[in-house]
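Visitor: Supplied in C-alpha cells, the structure appears directly below.
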Amino acid sequence: MNTLLKIFTCCLLAIVCLPGFAYTERNLLQKEGDLDKVKASLVMDQKWVPYPAYADRAGWDKLLGANKEAMIARGEKLLDYQWQVVKATDYLEYERSGNRKIMEDPFGKNNGAIADLMMAELAEGKGRFIDQLINGVFQSCEMTSWVLSAHLGSQGAQLSHRSLPDYKEHIIDLTAGDMGSLLSWTYYFFNKEFDKVDPVISQRLRKELQERILDTYMNVDRFWWMAFNLQPGGMVNNWNPWCNFNALQCFMLLENDKDVLAKAVWRSMTSVDKFINYTHEDGACEEGPSYWGHAAGKMYDYLQMLYDGTGGKISIFDQPMIKNMGEYIVRSYVGNGWVVNFADASAKGGGDAQIIYRYGKAVNSPLMKQYAAFLQKQGSSSLSSGRDIFRTLQSVLYANEMAQEKASYQVPAYTWYPETEFCYMSNKKGLFFASKGGYNNESHNHNDAGTFSLYQNTTPVFIDAGVGTYTRQTFSSERYSIWTMQSNYHNLPMINGVPQSFGAQYKATRVQFNPRKNTFSADIASAYPSQSEVKSWVRSYTLSDAGLRIEDAFTLNKVVASNQVNFLTWGNVDLSAPGEVLINVNGEKMKLVYDKQAFSAAKEVIELTDPRLSNVWGKEIYRISLNAKNSSLKGKYVFTIQPVK
C-alpha cells in the first residue's frame, strides 16, 4: 500500500491526532542537491526554455494551433488601451480608508494588458502589438514600485511602514514578483525587437529588473516570506513559494553568470524548503481550496521551473508529500463548482484545470489528471492566466496533451488529513460532510476549530460564509472584529455566552476519526478563553444514510450564562414548528431537529452587501441560534440533520 493510501485508510481504526504547528525540518530540496550539484546541473543561457523563439513563426503556429486566433483577438482589444496612472493618493487611500482596490484596479489592468499584448505578438509575429507593449514596459519602469499599497505598509515590508512607495528601497511582494517575471519574459522574447526601435528600452528594462528583483532578492534577508529568520511557531504561507518562484524565473531568464545563478537557485531552495517544512505531511492546504493555486500550486510552478532549469537533475516530484499536496485540491471538491472552504477560501471554485493537470503529470497522479480533464469538460478553465505569463505559456504547451486525458471525478467515501485535522465524509444518499479540528492561528485563520459544513446533492446547506473583500482591517489587529472570522458565525457553540479566541493556544484536542463508524470528534474546549469556564466540550459528528448526528457532551467549571449553539445557512428557513428548522436551498430540503424542551430557536438575517460574499450566497444568509433554556455544569446536546423528501 502506498503512502497516500495509508494516510487515508488509516488502517480502518480510530485515529487520534496531536494538534500543533507542522514545522518539520525535512529540507527535501536541500537534500536533493547542494550548491555544487546545483551549479553542475544548471542549463545555461536559457536553453531550458521549451518555447519557440519569437522569430520562429512556424514554431508558434504549431504550438498555439487553434488557440492562435483567440490570443490575437485578446491583444487587438488593447491596441488603443489607455495606460492607467496609479496616483500617489491611490496608494495613500489604503492608510486613509483601508481601501486597497483603488490602487490595485488600475495597476492590475495595466499588468493584464502587458500579458495579453505579449501573447498576441507571440501569436501573430507581425510587430502590430510592439508599440503598445513598449508603452506598457515604459510605464512600468517609470513606477516607483511594483508593490501593492496594502503590502508596503501592513506587511511590514517597507521600513517606513507607509503605503506610499519609498524610492530609497526596493521590496519584493507578490505583485512585484509577478511583474518581475512577466517583464523578464517580455525581455527574453522581445529585447531584440525593442532594440530596433531604441536600445534604451531594453537597457532600461534590464536595469530595473536587476535592481528591483535580482539584487534585492540576493541582498535582503528580512522579507518575512523568505522565512530565513523564522521563529518557533512562525507561519510560512503561500507568499513563500509564490515570491520564490517569481524570483527564480527572473534569474533563469536573465542571469547568465553560472556562479551567480547557482547561488540564487540555492538560496531559493533553502527558502522554499521552509514552506514545505511548515506544511503538514498529509498535504492539506490550511488556507483552503481557493488558495491552493497560490500555495501548493505555486510550489509546483517553482519545482517545475527548477526541474526544467536543471535538466531534471534537481527534483522532488517523487516525494509522497508533494503528491499529497497536489491531490488535496481534488479531494476538497464537492461538485457543481462547490468546494470545502475553511479559512478565507471561497465556497465556489474547483481549481485551475491546467495547473492541476500539469501538477498531476509531474507527480504521476491519475486522480489529478482525470479531475483536471473533468473540470476542463465543465468549461471552468481558460488558457490565459493574466499577468502570470508562465502559467499561460505552460497551459499552451500542454493543451493538446491535456485534451486527450480521460475526464473522471468521483467523491471519495472519506478523506482524512490526520495532521491538519480535516475530515470529509460522504454517503450514497448524496450527503457530503466536512469538518476540522486545528488551531486558531492557521494561515488566513478563522476562529473555527470544530466547525462543519454539510452539502446535499452537492449543494451547501449548512455553510461556511468565507470572507469578504480584503481591506486594511482584514490583516490587522482588527481582523477578529469582522463577523466572518468569528466562531459565533460558524457552526459552533458559544459556551457560557463566550466565542472562541484567536491564537495558537486556542485549539481542538483529542481529535479522532473512525472510518468504520463514520464518526469525527474533537474536544473544542481549549479553543475557548478562560472566561468561558469550560472544562471539556466534545463535539461528535456521525454521518449515516439517515443524515448527520451532532452531539455536544460538555463539562463546565461553572455556569455564567446560557449556552448558544449556532448554525449558518441560506435559502428559505422556517422555524415555525418548535423542535425543528426546515431549510430549502434551491430545492434541496433538510431538517435540523433539536430538543424543544431544552432550546428556543431564533433566526438572524445577515445582509450581504459585499460582492465577494453576495456573489456566492445572494443577498442574505441566516444564523440559526439555539439558545439553551436551562444551564447545568454537565450535559449533552443532540442535534440531527435529515434530508426531507
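Visitor: Taking 0.36 nm per residue of sequence separation and subtracting the Cα-Cα distance, how much length would be gained by fully extending the chain between Q139 and K62, in nm to one decimal?
Guide: Numbers: separation 77, 0.36 × 77 = 27.72 nm, distance 3.26 nm.
Between Q139 and K62, full extension yields an extra 24.5 nm.
Visitor: For the range 21-92 and the range 455-515, what is the separation of their C-alpha centers, rounded to whole Å?
Guide: Spelled out, the Cα-based centre of one part sits 37 Å from the other.
Visitor: Another one. What do the square roots of 5 times the Cα gyration tensor eigenvalues come to for the chain, in whole Å, largest first, as semi-axes of the equivalent ellipsoid?
Guide: Numbers: eigenvalues 415, 131, 119 Å².
Ellipsoid half-lengths, sorted descending, are 46, 26, 24 Å.
Visitor: So what is the accessible area of the range 578-645 per residue, in Å², with the probe set to 1.4 Å?
Guide: On the way: 3710 Å² over 68 residues.
On a per-residue basis, the range 578-645 sits at 55 Å².
Visitor: Continuing with the same structure: What's the center-to-center distance, using Cα atoms, between the range 343-409 and the range 234-302 in Å?
Guide: 20
Visitor: Moving to a separate point now. Could you state the orientation-averaged shadow area of the convex hull built on the Cα atoms of the range 374-483, in nm² to one decimal?
Guide: Numbers: hull surface 40.4 nm².
Its average projected convex-hull area is 10.1 nm².
Visitor: Could you state the per residue volume, in Å³, of the convex hull enclosing the Cα atoms of the range 584-634? Numbers along the way, then the final one.
Guide: On the way: hull volume 6.1 nm³, N = 51.
Taking only Cα atoms, the range 584-634 has a hull volume of 119 Å³ per residue.
Visitor: With each label point set 7 Å from Cα along the Cα-Cβ vector, what nm distance links M44 and D308?
Guide: 2.1
Visitor: If you add up the charges near Q210, with Lys and Arg at +1 and Asp and Glu at -1, over every other residue whose beta carbon is less than 13 angstrom from its beta carbon, what do you get? It would help to have the intermediate numbers written out before the result.
Guide: Values: positive: R204, R206, K207, R212; negative: E208, E211, D215, E255, D257.
Charge balance in the 13 Å sphere: -1.
Visitor: Now for a different question. In degrees between 0 and 90, to the nearest 10, how far off the longest principal axis of the chain does helix 130-142 point, with axes built from Cα atoms?
Guide: On a 0 to 90 degree scale, this one is about 70.
Visitor: What are the extents of the Cα atoms of the range 200-284 along their three principal axes, listed from largest to smallest and rounded to whole Å?
Guide: 49, 22, 21
Visitor: Let me make sure I get this right: for the range 47-171, a, b and c are the square roots of the gyration tensor eigenvalues over alpha carbons, sorted descending. Under 1.5 in a/c it's rounded, otherwise prolate if a/b > b/c, else oblate. Which is it? If you can, show how the numbers build up before the last one.
Guide: Working: a/c = 2.89, a/b = 2.24, b/c = 1.29.
Verdict is prolate for the range 47-171.
Visitor: Mind checking the angle between helix 320-331 and the chain's longest principal axis? C-alpha axes, 0 to 90 degrees, to the nearest 10.
Guide: It is inclined by approximately 70 degrees.
Visitor: Tally up the carbon and sulfur contribution to the accessible surface of the range 429-576 as a whole percent, 1.4 Å probe, everything protein left in place.
Guide: Values: 2120 of 4690 Å².
Percent of accessible area from carbon and sulfur atoms in the range 429-576: 45.
Visitor: With everything on Cα atoms, drop me the angle between helix 174-197 and the longest principal axis of the chain, reported from 0 to 90° to the nearest 10.
Guide: 20
Visitor: Going through the range 64-141, which trypsin sites (Lys or Arg not before Pro) have at most 12 other Cβ atoms within 10 Å and a DSSP loop state?
Guide: Details: sites: K68, R74, K77, K87, R96, R100, K101, K109, K126, R128; in loops: K77, K87, R100, K126, R128.
Passing both the DSSP loop test and the Cβ count: K77, K87, K126.
Visitor: May I ask you to rank F275, F475 by accessible area, largest first, using a 1.4 Å probe over the protein chains only? Please report the intermediate quantities before stating the final value.
Guide: Details: F275 10, F475 70 Å².
So the residues, ranked largest to smallest area, are F475, F275.
Visitor: Could you tell me what fraction of 2.2 N^0.38 Å the Cα radius of gyration of the range 449-564 comes to, as a two-decimal ratio?
Guide: 1.16
Visitor: Please list the radius of gyration and Dmax for the range 317-389, considering alpha-carbon atoms only, with Å as the unit.
Guide: Computed over the Cα atoms of the range 317-389, radius of gyration and Dmax are 12.3, 32 Å.
Visitor: Which distance in nm do the two modelled labels at D105 and Q642 give, with both placed 7 Å along the Cα-to-Cβ direction?
Guide: That separation, rounded to one decimal, is 5.0 nm.
Visitor: Okay, moving on. Determine the alpha carbon to alpha carbon distance for each of K535/K603; K168/K207; K436/K517 and list only those over 22 Å. Before the final figure, lay out each step's value.
Guide: On the way: K535/K603 29 Å; K168/K207 16 Å; K436/K517 17 Å.
As for pairs spanning more than 22 Å Cα to Cα, those are K535/K603.
Visitor: Could you check the spin-label model distance between D545 and T609? Points 7 Å from the Cα along Cα→Cβ, value in nm.
Guide: About 4.9 nm, to one decimal.
Visitor: Roll a 1.4 Å probe over the protein heavy atoms and report the accessible area of E169 in Å², nearest 10.
Guide: 40
Visitor: Within 10 Å of each candidate Cβ there may be at most 16 other Cβ atoms; applying that plus a DSSP loop requirement, which trypsin sites (Lys or Arg not before Pro) in the range 365-456 survive? Write down the numbers at each step before the final one.
Guide: Working: sites: K369, K377, R387, R391, K406, K428, K429, K436; in loops: R387, K406, K428, K429.
Here the sparse-neighbourhood loop sites are K406, K428, K429.
Visitor: Once every DSSP H run of n ≥ 4 in the chain is given -39500 (n - 2.57) and the sum is divided by its residues, what mean residue ellipticity at 222 nm do you get, rounded to the nearest 500 deg cm²/dmol? Don't skip to the answer; put the middle values down first.
Guide: Values: 21 runs with 238 residues, N = 645.
About -11500 deg cm²/dmol.
Visitor: I would also like to ask the following. Can you give the translational diffusion coefficient of the range 473-537 in µm²/s, computed by Stokes-Einstein from the Kirkwood radius over Cα pairs at 4 °C and 1.567 mPa s? Kindly include the intermediate steps, with their values, before the conclusion.
Guide: Numbers: Rh = 13.1 Å.
The calculation lands on 99 µm²/s.
Visitor: Here is a further query. Accessible area of the range 70-226 with a 1.4 Å probe: how many percent of it is carbon plus sulfur? If you can, show how the numbers build up before the last one.
Guide: Values: 3310 of 6510 Å².
Taking all protein chains in place, the range 70-226 shows 51 percent carbon and sulfur surface.
Visitor: Roughly how many whole Å is it from the C-alpha centroid of the range 522-548 to that of the range 172-215?
Guide: Spelled out, the Cα-based centre of one part sits 54 Å from the other.
Visitor: Kindly provide the trypsin sites (Lys or Arg not before Pro) of the range 548-593 that DSSP labels as loop, not H, G, I, E or B, and whose Cβ sees at most 11 other Cβ atoms within 10 Å.
Guide: Working: sites: R549, K558, K589, K591; in loops: K558.
Passing sites in the range 548-593 are K558.
Visitor: Between I130 and Q210, what is the FRET efficiency for a Förster distance of 25 Å, r being their Cβ-Cβ separation, to the nearest 0.05?
Guide: On the way: r = 23 Å, r/R0 = 0.92.
Calculated transfer efficiency: 0.60.
Visitor: Would you mind checking K274/K406; K62/K192; K68/K377 for any pair whose Cα atoms are more than 28 angstrom apart? If you can, show how the numbers build up before the last one.
Guide: Details: K274/K406 36 Å; K62/K192 23 Å; K68/K377 20 Å.
Pairs exceeding 28 Å: K274/K406.
The values are calculated or read from the model by the stated rules, or taken from the named source; none is laboratory data. Predicted, not measured: the structure shown is a model, and the values here were computed from it. Neighbour counts are summed over all protein chains in view; Cβ atoms, including those assigned to glycine, are modelled from backbone coordinates with ideal geometry. Accessible surface areas use protein heavy atoms only, side chains included; no ligands, DNA or RNA. Shrake-Rupley method; radii C 1.70, N 1.55, O 1.52, S 1.80 Å.
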